[in-house]
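Peer 1: Please read through the structure below; I'll follow up with questions.
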Amino acid sequence: MLDIRNISKRYSGIPAVENVSFCARAGEVTGYLGPNGSGKSTTIKMITGLIAMDSGSILFDGKPIHSDLMAYKQRLGYVPEEPYLYTHLSGAEYLVMVAQLRNLAPRLASERIDGLLRAFALYDDRHVAISAYSKGMRQKVLLAAALLHNPDLVLLDEPFSGLDVGSSLILRSLIEELAARGKVVLFSSHELETVERISSRIVILHRGRIVADDSIEGLRTLMSLPTLEGIFSQLAVQQDTTAISKQIADLIHA
(Lines give C-alpha, C1' and ligand atoms only; values in the text may rest on other atoms or scores of the structure.)
Protein backbone atom coordinates (compact mmCIF):
# COMPACT_ATOMS: atom_id res chain seq x y z
CA MET A 1 0.00 0.00 0.00
CA LEU A 2 1.08 3.54 -0.76
CA ASP A 3 0.27 5.76 2.21
CA ILE A 4 0.47 9.56 1.79
CA ARG A 5 0.38 11.40 5.12
CA ASN A 6 -0.09 15.17 5.32
CA ILE A 7 2.46 16.05 2.65
CA SER A 8 3.00 19.70 1.74
CA LYS A 9 5.13 21.57 -0.78
CA ARG A 10 5.59 25.31 -1.22
CA TYR A 11 7.31 27.27 -3.97
CA SER A 12 8.50 30.75 -2.96
CA GLY A 13 6.17 30.54 0.01
CA ILE A 14 3.13 29.71 -2.12
CA PRO A 15 1.52 26.32 -1.34
CA ALA A 16 1.37 23.92 -4.28
CA VAL A 17 0.28 20.96 -2.14
CA GLU A 18 -1.04 21.40 1.38
CA ASN A 19 -1.60 18.62 3.94
CA VAL A 20 -2.52 16.00 1.33
CA SER A 21 -3.32 12.53 2.67
CA PHE A 22 -4.68 9.45 0.88
CA CYS A 23 -3.94 5.76 0.32
CA ALA A 24 -3.51 3.75 -2.87
CA ARG A 25 -3.93 0.03 -2.25
CA ALA A 26 -2.53 -3.03 -3.98
CA GLY A 27 -5.00 -4.61 -6.38
CA GLU A 28 -6.81 -1.32 -6.98
CA VAL A 29 -6.59 1.51 -9.50
CA THR A 30 -6.57 4.91 -7.81
CA GLY A 31 -7.44 7.87 -10.03
CA TYR A 32 -5.86 11.18 -9.04
CA LEU A 33 -7.68 14.16 -10.52
CA GLY A 34 -7.53 17.92 -10.43
CA PRO A 35 -7.51 21.00 -12.69
CA ASN A 36 -4.25 22.26 -14.15
CA GLY A 37 -2.17 23.81 -11.40
CA SER A 38 -3.96 21.91 -8.63
CA GLY A 39 -0.78 20.13 -7.48
CA LYS A 40 -1.23 16.69 -9.07
CA SER A 41 2.17 16.49 -10.77
CA THR A 42 3.88 17.97 -7.71
CA THR A 43 2.32 15.24 -5.58
CA ILE A 44 3.42 12.52 -7.98
CA LYS A 45 6.97 13.89 -8.14
CA MET A 46 7.13 13.81 -4.34
CA ILE A 47 5.93 10.20 -4.42
CA THR A 48 8.69 9.32 -6.89
CA GLY A 49 11.30 11.04 -4.73
CA LEU A 50 12.17 13.50 -7.50
CA ILE A 51 11.35 16.50 -5.30
CA ALA A 52 11.49 16.82 -1.53
CA MET A 53 8.48 17.37 0.71
CA ASP A 54 8.41 20.36 3.02
CA SER A 55 6.50 18.29 5.56
CA GLY A 56 4.60 15.03 5.92
CA SER A 57 5.60 11.48 5.07
CA ILE A 58 5.16 8.88 2.35
CA LEU A 59 5.16 5.18 3.18
CA PHE A 60 5.19 2.16 0.89
CA ASP A 61 4.35 -1.19 2.44
CA GLY A 62 4.59 0.47 5.83
CA LYS A 63 8.11 1.88 5.39
CA PRO A 64 9.01 5.55 4.84
CA ILE A 65 10.30 5.79 1.28
CA HIS A 66 13.21 7.99 2.30
CA SER A 67 14.55 5.40 4.73
CA ASP A 68 15.96 3.60 1.66
CA LEU A 69 15.06 5.66 -1.40
CA MET A 70 17.16 3.56 -3.79
CA ALA A 71 15.44 0.31 -2.78
CA TYR A 72 12.05 2.02 -3.08
CA LYS A 73 12.81 3.28 -6.58
CA GLN A 74 13.70 -0.26 -7.64
CA ARG A 75 10.07 -1.16 -6.96
CA LEU A 76 8.66 1.90 -8.74
CA GLY A 77 7.59 2.34 -12.35
CA TYR A 78 6.92 5.93 -13.41
CA VAL A 79 5.55 7.52 -16.56
CA PRO A 80 6.00 11.32 -16.32
CA GLU A 81 3.69 13.88 -17.86
CA GLU A 82 6.42 15.12 -20.22
CA PRO A 83 8.29 12.53 -22.33
CA TYR A 84 11.90 13.17 -21.30
CA LEU A 85 13.88 10.79 -23.50
CA TYR A 86 17.37 10.54 -25.00
CA THR A 87 16.13 11.13 -28.51
CA HIS A 88 19.46 10.30 -30.20
CA LEU A 89 18.94 6.69 -29.07
CA SER A 90 16.67 4.24 -30.83
CA GLY A 91 13.70 2.77 -28.99
CA ALA A 92 15.56 -0.51 -28.45
CA GLU A 93 18.73 1.25 -27.28
CA TYR A 94 16.78 3.32 -24.78
CA LEU A 95 15.13 0.25 -23.27
CA VAL A 96 18.47 -1.57 -23.09
CA MET A 97 19.88 1.40 -21.19
CA VAL A 98 16.92 1.33 -18.77
CA ALA A 99 17.35 -2.42 -18.27
CA GLN A 100 21.02 -1.93 -17.41
CA LEU A 101 20.18 0.84 -14.94
CA ARG A 102 17.65 -1.52 -13.37
CA ASN A 103 20.29 -4.27 -13.17
CA LEU A 104 18.16 -6.73 -15.13
CA ALA A 105 19.90 -9.90 -16.26
CA PRO A 106 20.82 -9.52 -19.98
CA ARG A 107 18.79 -12.52 -21.17
CA LEU A 108 15.69 -11.52 -19.20
CA ALA A 109 16.06 -7.92 -20.36
CA SER A 110 16.35 -8.97 -23.99
CA GLU A 111 13.22 -11.13 -23.77
CA ARG A 112 11.18 -8.42 -22.09
CA ILE A 113 12.37 -5.65 -24.42
CA ASP A 114 11.55 -7.75 -27.47
CA GLY A 115 8.11 -8.60 -26.07
CA LEU A 116 7.27 -5.05 -25.06
CA LEU A 117 8.36 -3.60 -28.41
CA ARG A 118 6.10 -6.08 -30.18
CA ALA A 119 3.17 -5.55 -27.78
CA PHE A 120 3.38 -1.76 -28.18
CA ALA A 121 3.71 -2.03 -31.99
CA LEU A 122 7.21 -0.52 -31.93
CA TYR A 123 9.18 -3.54 -33.09
CA ASP A 124 9.48 -2.50 -36.75
CA ASP A 125 10.86 0.89 -35.63
CA ARG A 126 13.05 -0.43 -32.83
CA HIS A 127 16.28 0.72 -34.53
CA VAL A 128 14.92 4.15 -35.53
CA ALA A 129 16.04 7.16 -33.48
CA ILE A 130 13.44 8.33 -30.97
CA SER A 131 13.80 11.83 -32.46
CA ALA A 132 11.85 10.47 -35.45
CA TYR A 133 9.09 8.96 -33.31
CA SER A 134 5.62 10.47 -33.03
CA LYS A 135 4.33 11.65 -29.66
CA GLY A 136 2.34 8.45 -29.27
CA MET A 137 5.37 6.28 -30.05
CA ARG A 138 7.44 8.15 -27.47
CA GLN A 139 4.69 7.60 -24.92
CA LYS A 140 4.82 3.86 -25.61
CA VAL A 141 8.58 3.86 -25.02
CA LEU A 142 8.00 5.54 -21.66
CA LEU A 143 5.37 2.95 -20.76
CA ALA A 144 7.63 0.06 -21.77
CA ALA A 145 10.50 1.54 -19.73
CA ALA A 146 8.28 1.96 -16.67
CA LEU A 147 7.11 -1.67 -16.77
CA LEU A 148 10.34 -3.35 -17.84
CA HIS A 149 11.44 -4.34 -14.31
CA ASN A 150 7.98 -5.54 -13.16
CA PRO A 151 7.41 -2.78 -10.56
CA ASP A 152 5.18 -3.15 -7.50
CA LEU A 153 4.06 0.50 -7.67
CA VAL A 154 3.03 2.06 -10.98
CA LEU A 155 2.68 5.87 -11.20
CA LEU A 156 1.18 7.21 -14.41
CA ASP A 157 0.96 10.97 -15.01
CA GLU A 158 -1.24 11.60 -18.07
CA PRO A 159 -0.32 8.21 -19.61
CA PHE A 160 -2.81 8.50 -22.49
CA SER A 161 -1.15 11.62 -23.93
CA GLY A 162 -0.57 11.21 -27.68
CA LEU A 163 -1.96 7.68 -27.90
CA ASP A 164 -4.39 6.75 -30.66
CA VAL A 165 -7.72 5.11 -29.89
CA GLY A 166 -6.44 1.54 -30.23
CA SER A 167 -3.40 2.14 -28.04
CA SER A 168 -5.55 3.93 -25.46
CA LEU A 169 -7.86 0.92 -25.24
CA ILE A 170 -4.87 -1.37 -24.76
CA LEU A 171 -3.46 0.86 -22.02
CA ARG A 172 -6.79 1.06 -20.26
CA SER A 173 -7.00 -2.73 -20.19
CA LEU A 174 -3.35 -2.98 -19.15
CA ILE A 175 -3.90 -0.69 -16.14
CA GLU A 176 -6.75 -2.93 -15.00
CA GLU A 177 -4.62 -6.04 -15.54
CA LEU A 178 -1.72 -4.63 -13.53
CA ALA A 179 -4.04 -3.91 -10.60
CA ALA A 180 -5.58 -7.37 -10.90
CA ARG A 181 -2.08 -8.83 -10.52
CA GLY A 182 -1.58 -7.05 -7.20
CA LYS A 183 0.18 -3.85 -8.28
CA VAL A 184 -0.47 -0.50 -6.64
CA VAL A 185 -1.60 1.71 -9.54
CA LEU A 186 -1.97 5.48 -9.17
CA PHE A 187 -2.71 7.48 -12.28
CA SER A 188 -3.55 11.03 -13.13
CA SER A 189 -5.46 11.82 -16.30
CA HIS A 190 -7.76 14.35 -17.91
CA GLU A 191 -9.58 11.43 -19.57
CA LEU A 192 -12.45 11.47 -17.08
CA GLU A 193 -14.44 8.75 -18.83
CA THR A 194 -11.44 6.42 -18.66
CA VAL A 195 -10.78 7.27 -15.01
CA GLU A 196 -14.41 6.56 -14.21
CA ARG A 197 -14.37 3.20 -16.02
CA ILE A 198 -11.25 1.71 -14.48
CA SER A 199 -10.67 3.35 -11.09
CA SER A 200 -11.55 1.61 -7.84
CA ARG A 201 -11.12 4.88 -5.97
CA ILE A 202 -11.02 8.56 -6.93
CA VAL A 203 -9.00 11.28 -5.20
CA ILE A 204 -9.75 14.85 -6.34
CA LEU A 205 -7.33 17.69 -5.65
CA HIS A 206 -8.24 21.38 -5.85
CA ARG A 207 -5.84 24.23 -5.11
CA GLY A 208 -3.44 21.86 -3.43
CA ARG A 209 -5.98 20.25 -1.10
CA ILE A 210 -8.00 17.03 -1.23
CA VAL A 211 -11.69 17.75 -1.82
CA ALA A 212 -12.82 14.15 -2.40
CA ASP A 213 -11.52 10.65 -1.65
CA ASP A 214 -13.99 7.84 -2.23
CA SER A 215 -15.16 5.13 -4.61
CA ILE A 216 -17.04 6.20 -7.73
CA GLU A 217 -20.24 4.80 -6.23
CA GLY A 218 -19.64 6.65 -2.97
CA LEU A 219 -19.05 9.94 -4.77
CA ARG A 220 -22.15 9.51 -6.92
CA THR A 221 -24.26 8.90 -3.83
CA LEU A 222 -22.68 11.74 -1.86
CA MET A 223 -22.96 14.29 -4.65
CA SER A 224 -26.26 12.99 -6.13
CA LEU A 225 -24.64 13.18 -9.55
CA PRO A 226 -24.53 10.34 -12.11
CA THR A 227 -21.11 10.94 -13.71
CA LEU A 228 -17.54 11.66 -12.67
CA GLU A 229 -17.53 14.65 -15.02
CA GLY A 230 -20.41 16.20 -13.10
CA ILE A 231 -18.77 15.43 -9.74
CA PHE A 232 -15.44 16.86 -10.89
CA SER A 233 -17.10 20.02 -12.21
CA GLN A 234 -18.94 20.51 -8.94
CA LEU A 235 -15.89 19.99 -6.72
CA ALA A 236 -12.94 21.31 -8.70
CA VAL A 237 -14.07 23.59 -11.53
CA GLN A 238 -15.08 26.99 -10.22
CA GLN A 239 -16.09 28.42 -13.57
CA ASP A 240 -19.30 28.78 -15.50
CA THR A 241 -18.17 26.77 -18.52
CA THR A 242 -21.31 27.51 -20.53
CA ALA A 243 -20.97 31.27 -20.01
CA ILE A 244 -17.25 31.22 -20.89
CA SER A 245 -17.82 29.20 -24.07
CA LYS A 246 -20.60 31.58 -25.12
CA GLN A 247 -18.32 34.56 -24.43
CA ILE A 248 -15.57 33.09 -26.65
CA ALA A 249 -18.03 32.31 -29.46
CA ASP A 250 -19.46 35.84 -29.24
CA LEU A 251 -15.95 37.35 -29.42
CA ILE A 252 -14.92 35.52 -32.58
CA HIS A 253 -18.23 36.24 -34.27
CA ALA A 254 -18.25 39.95 -33.38
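Residues are listed down the side, and each one gets a yes or a no for (1) hydroxyl-bearing (S, T, Y); (2) without any contact (Cβ under 8 Å) to a residue 24 or more places away in the chain; (3) touching a Phe, Trp or Tyr at 6+ places or on another chain (Cβ under 7 Å):
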residue: L85; (1), (2), (3): no, no, yes
residue: Q100; (1), (2), (3): no, yes, no
residue: A105; (1), (2), (3): no, yes, no
residue: L117; (1), (2), (3): no, no, yes
residue: L148; (1), (2), (3): no, no, no
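Peer 1: How about the range 128-166: which of its residues are more than 16 Å from the chain's Cα centre (by Cα) and closer than 15 Å to R118 by Cα?
Peer 2: Result: V128, M137, L148, G166.
Peer 1: Tally the residues that are assigned to a loop (DSSP other than H, G, I, E, B) and buried (at least 18 other Cβ atoms within 10 Å of the Cβ), restricting the search to the range 163-190. Working first, answer last.
Peer 2: Filtering the range 163-190 down to residues assigned to a loop (DSSP other than H, G, I, E, B) leaves 163-164, 181-183, 189-190.
The next check asks that each one be buried (at least 18 other Cβ atoms within 10 Å of the Cβ); those that pass are 163, 183, 189.
Counting residues in the range 163-190 that are assigned to a loop (DSSP other than H, G, I, E, B) and buried (at least 18 other Cβ atoms within 10 Å of the Cβ) gives 3.
Peer 1: For the range 53-65, indicate whether the set of residues that are in contact with a strand residue (DSSP E or B) (Cβ under 6 Å, 6 or more places away or on another chain) and among the basic types (K, R) is non-empty.
Peer 2: no
Peer 1: On to the next question. For residues that are of a type in the set (S, T, N, Q) and modelled with pLDDT under 70, tally how many sit in the range 188-227. Spell out how you get there, then give the answer.
Peer 2: Kept after step one, since they are of a type in the set (S, T, N, Q), are these residues of the range 188-227: 188-189, 194, 199-200, 215, 221, 224, 227.
Within this subset, residues satisfying the condition of being modelled with pLDDT under 70 are 221, 224, 227.
Selection size over the range 188-227: 3.
Peer 1: Turning to a different aspect of this structure: Residues of the range 55-104 being closer than 22 Å to K40 by Cβ and part of a helix (DSSP H, G or I), which ones?
Peer 2: Within the range 55-104, I65, H66, L69, Y72, K73 meet the criteria.
Peer 1: A further question on this structure: So which residues in the range 14-24 are more than 15 Å from the chain's Cα centre (by Cα) and in contact (Cβ under 8 Å) with a residue 40 or more places away in the chain?
Peer 2: P15, A16, V17, E18, N19, V20, S21, F22
Peer 1: Return yes or no: is V154 at pLDDT 95 or above, more than 23 Å from E93 (Cβ to Cβ) and surrounded by 20 or more Cβ atoms within 10 Å (Cβ to Cβ)? Before you say what the answer is, go through the steps one by one.
Peer 2: On the way: at pLDDT 95 or above: yes; more than 23 Å from E93 (Cβ to Cβ): yes; surrounded by 20 or more Cβ atoms within 10 Å (Cβ to Cβ): yes.
So V154 passes the test.
Peer 1: How many of the residues in the range 58-80 are under 24 Å from S189 (Cβ atoms) and out of contact with any helix residue (DSSP H, G or I) (no Cβ under 9 Å at 6 or more places or on another chain)?
Peer 2: Summing the residues that are under 24 Å from S189 (Cβ atoms) and out of contact with any helix residue (DSSP H, G or I) (no Cβ under 9 Å at 6 or more places or on another chain) in the range 58-80 gives 1.
Peer 1: Got a sec? Which of G56, G62, G49, G39 is surrounded by fewer than 15 Cβ atoms within 10 Å (Cβ to Cβ) and either without any contact (Cβ under 8 Å) to a residue 24 or more places away in the chain or not aromatic (F, W, Y) (or both)? Explain how you work it out, then say what you get.
Peer 2: Values: G56 fails: surrounded by fewer than 15 Cβ atoms within 10 Å (Cβ to Cβ); G49 fails: surrounded by fewer than 15 Cβ atoms within 10 Å (Cβ to Cβ); G39 fails: surrounded by fewer than 15 Cβ atoms within 10 Å (Cβ to Cβ).
Step by step, each of G56, G62, G49, G39 is checked, and only G62 is surrounded by fewer than 15 Cβ atoms within 10 Å (Cβ to Cβ) and either without any contact (Cβ under 8 Å) to a residue 24 or more places away in the chain or not aromatic (F, W, Y) (or both).
Peer 1: Does the range 170-192 contain any residue that is assigned by TED's automatic domain parsing to the domain that holds S21, of a type in the set (S, T, Y) and over 20 Å from M46 (Cα atoms)? Break it down stepwise before answering.
Peer 2: Here is the first cut: in the range 170-192, the residues assigned by TED's automatic domain parsing to the domain that holds S21 are 170-192.
Filter once more, keeping what is of a type in the set (S, T, Y): 173, 188-189.
After this cut, where a residue has to be over 20 Å from M46 (Cα atoms) as well, the list is 173.
Within the range 170-192 (the criterion being assigned by TED's automatic domain parsing to the domain that holds S21, of a type in the set (S, T, Y) and over 20 Å from M46 (Cα atoms)), the answer is yes, since at least one residue qualifies.
Peer 1: Check the range 236-246 and report whether any residue there is at pLDDT 85 or above, under 21 Å from the mean Cα position of the chain (by Cα) and under 30 Å from D164 (Cβ atoms). Please lay out each step first, then the result.
Peer 2: The first filter runs over the range 236-246 and keeps only residues at pLDDT 85 or above, leaving none.
Within the range 236-246, not a single residue is at pLDDT 85 or above, under 21 Å from the mean Cα position of the chain (by Cα) and under 30 Å from D164 (Cβ atoms).
Peer 1: Here's something else I'd like to know. For the range 108-118, name all the residues that are more than 27 Å from Y72 (Cβ to Cβ) and surrounded by fewer than 19 Cβ atoms within 10 Å (Cβ to Cβ).
Peer 2: If we filter the range 108-118 for residues that are more than 27 Å from Y72 (Cβ to Cβ), which is where we start, we get 114, 117-118.
Listed by number, the residues that qualify are D114, R118.
Peer 1: Looking at (1) buried (at least 17 other Cβ atoms within 10 Å of the Cβ); (2) not assigned by TED's automatic domain parsing to the domain that holds V195, which is the one condition that is false for A105?
Peer 2: Of (1) buried (at least 17 other Cβ atoms within 10 Å of the Cβ); (2) not assigned by TED's automatic domain parsing to the domain that holds V195, only one is false for A105: (1).
Peer 1: May I ask you to list the residues in the range 123-147 that are of a type in the set (A, V, I, L, M, F, W, C) and either assigned to a helix (DSSP H, G or I) or modelled with pLDDT under 95 (or both)?
Peer 2: Looking only at the range 123-147, we keep the residues that are of a type in the set (A, V, I, L, M, F, W, C), and these are 128-130, 132, 137, 141-147.
Those that are of a type in the set (A, V, I, L, M, F, W, C) and either assigned to a helix (DSSP H, G or I) or modelled with pLDDT under 95 (or both): I130, A132, M137, V141, L142, L143, A144, A145, A146, L147.
The values are calculated or read from the model by the stated rules, or taken from the named source; none is laboratory data. If you're wondering where the values come from, they're calculated on a predicted model, not measured in any experiment. Every residue, glycine among them, receives a Cβ derived from its backbone with ideal geometry; neighbour counts consider all protein chains shown.
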